[in-house]
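Right, one structure below, let's go through it.
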Amino acid sequence: MPSMSPDEIVALTKKHSFFSWSAQDSVNPIPMAKGKGIYFWDAHGKRYLDLNSQLMCVNIGHGNERVIEAIKKQADELVYAGPSMASEVRATIGKELAEVMPGDLKKFFFTLGGAEANENAIKMARHFTGRHKIIARYRSYHGATSGAMTLTGDHRRWANEPGIPGVIHTFDPYKYRSQLYQEGDSDQVFARRCLDQIEEVLMYEGPHTVAAIFIETVTGTNGIIIPPDGYMQGLREICNKHGILLICDEVMAGLGRTGEWFAVDHWKVVPDMITMAKGLTSAYMPLGAVAINEKISDFYKDKVFYGGLTYSAHPMSLAAGVATLRVMKDDDIVGNSKRVGKIMAGLLDDLKAEHPSVGDVRSIGLFGCVELVKNRKTKEPMAPYVGASAEMNKLGAYLKENGIYAFTWRNMLHTNPPLIITEKELREAFEVINKALEITDKAVGG
């Protein structure tokens, strides 16, 4: 336990730290003290089941000794090497990561996080194609730096506009709320309508001006929107047809979260670039990467890439990455995500069957969410698109009070536990969720 009291920790943190996405006077942080496995403890000694893997990133769970030891060992050998240097750990991570990548994505530009990875993917796409426009989606989130925030489609973009030029947004394949979906449509029919809409956007924008279509393979914070079968394959065909790059942001969905190494693997699609972070080190150290295919890496054989970072390929971060990848392989973390993810899908279905406030449930692997509504027929959300509601606040407070740390945002409750979670542990968490949803059920109208 820490030497400061819990109140001292919170007071000093609030006094000197500036918090993200918050009005500063409204911040009320948990004084987190330690973590192990799927749990963490606050400075009072209270235990929480980490149902959101902190920020959808602690995929192998808290306190894995193999990763911690690798970080210590690297500190003893080489703490820092400039980005122009080669090192053993840099050589090793490239090999380890290439083994799990789809297709010919075998070269990596290392960053310190997902937003930086997306920024550099934008630069590469524009330079490689000689075009400037990027198509992204309205339900996307790509990071809080200037370019990544412009790509972001949700309301967090508004306060940061105008941002970078040339970004166009289109709609997600959001079956539950899409006007393109009609009850009874097959995945193929719905996918085709979504793809036709993108083709229409391209017609008006001029496909010869578009460098990339940049998407979250599975939309994350904005509702775990899983593309219907045929969508990813069709997007790949559209990009091939027009000479446009397909870039998949798998900062959240990658590294086992969906029950495959990368979400694109579900549809056997190979994009031109994949961006990643979070699960790459399970957030034990900051690390992101852009995975680049052969044609793009070949392009830069005799051309300068005008981008760089002081901490690119930082040895301490790379050591955490190597160790995390080995833990994932040795412990079959991806397999566990797939197996336990099927159980979670069933538990989510059970919630929908029991609770009238549950409008929809969506999951793939251990990447899930419950969408809450006041009326199933009208689909009126339990909270507005921008802002919260009393019911959602009460839901989050109940879960926290009962030892479940979860992400509740807008009208959605996310279920994104560490990928090491067992069936027993997952069922225990869902027992609390089941009880908590009685709060939102009371708000359901006729």
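Here are the numbers for this structure:
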item	result
Selection status of L419, assigned by TED's automatic domain parsing to the domain that holds H44, surrounded by 15 or more Cβ atoms within 10 Å (Cβ to Cβ) and in a helix (DSSP H, G or I)	no
Of all residues in region 119-132 being under 20 Å from A253 (Cα atoms) and more than 17 Å from the chain's Cα centre (by Cα), the one that is surrounded by the fewest Cβ atoms within 10 Å (Cβ to Cβ)	N120
Residues (part of a loop (DSSP other than H, G, I, E, B), more than 21 Å from K338 (Cα to Cα) and modelled with pLDDT of 95 or more) located in region 422-446	K442, A443, V444
Output for region 253-284, where each listed residue is farther than 19 Å from G147 by Cα, within 17 Å of the chain's Cα centre (by Cα) and hydrophobic (A, V, I, L, M, F, W, C)	A253, L255, W261, F262, A263, V264, L280, A283
Flag for H62 being at pLDDT 95 or above, within 23 Å of G220 (Cβ to Cβ) and either surrounded by 18 or more Cβ atoms within 10 Å (Cβ to Cβ) or out of contact with any Cys (no Cβ under 9 Å at 6 or more places or on another chain) (or both)	yes
Qualifying positions in region 356-370 - among the acidic types (D, E) and under 11 Å from V340 (Cβ atoms)	none
Filter result for K73 (over 25 Å from the mean Cα position of the chain (by Cα) and touching a residue at least 60 places away in the same chain (Cβ under 8 Å))	yes
Sole residue being of a type in the set (D, E, K, R), surrounded by 18 or more Cβ atoms within 10 Å (Cβ to Cβ) and outside any loop (DSSP other than H, G, I, E, B), chosen from E8, E69, E116	E116
Cross-chain or 6+ apart pairs with Cβ under 8 Å, region 231-242 first and of a type in the set (G, A, S), then crowded, with 22+ Cβ neighbours inside 10 Å and assigned to a helix (DSSP H, G or I)	G234/A191
Cβ pairs under 6 Å, 6+ apart, first in region 76-101 and without any contact (Cβ under 8 Å) to a residue 40 or more places away in the chain, second surrounded by 11 or more Cβ atoms within 10 Å (Cβ to Cβ) and assigned to a loop (DSSP other than H, G, I, E, B)	A98/K106
Any hit, region 169-183, residues being assigned to a loop (DSSP other than H, G, I, E, B), within 24 Å of T209 (Cβ to Cβ) and free of Cβ contacts under 8 Å to residues at least 40 places away in the same chain	yes
Matching residues in region 169-192 - criterion: being among the charged types (D, E, K, R) and either at pLDDT below 95 or under 24 Å from D272 (Cα atoms) (or both)	D172, E183, R192
Boolean, Y48 is in contact with a Leu (Cβ under 9 Å, 6 or more places away or on another chain), within 30 Å of T422 (Cβ to Cβ) and not small (G, A, S)	no
Hits in region 133-166 - residues which are of a type in the set (A, V, I, L, M) and either in contact with a Gly (Cβ under 7 Å, 6 or more places away or on another chain) or surrounded by fewer than 22 Cβ atoms within 10 Å (Cβ to Cβ) (or both)	I134, A136, A144, M149, A159, I164
Flag for M252 being touching a residue at least 24 places away in the same chain (Cβ under 8 Å), of a type outside the set (G, A, S) and touching a strand residue (DSSP E or B) at 6+ places or on another chain (Cβ under 6 Å)	no
Residue match in region 369-377 (condition: in a loop (DSSP other than H, G, I, E, B) and either at pLDDT below 95 or in the same structural domain as F430 (by TED's automatic domain parsing) (or both))	yes
Whichever residue in region 386-403 is in a loop (DSSP other than H, G, I, E, B) and within 23 Å of the chain's Cα centre (by Cα) and, among such residues, is surrounded by the most Cβ atoms within 10 Å (Cβ to Cβ)	A388
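The values are calculated or read from the model by the stated rules, or taken from the named source; none is laboratory data. Being a predicted model, the structure only gives us computed values, none of them experimental. Methodologically, a virtual Cβ is constructed for each residue, glycine included, from the backbone with ideal geometry; neighbour enumeration extends over all protein chains shown.
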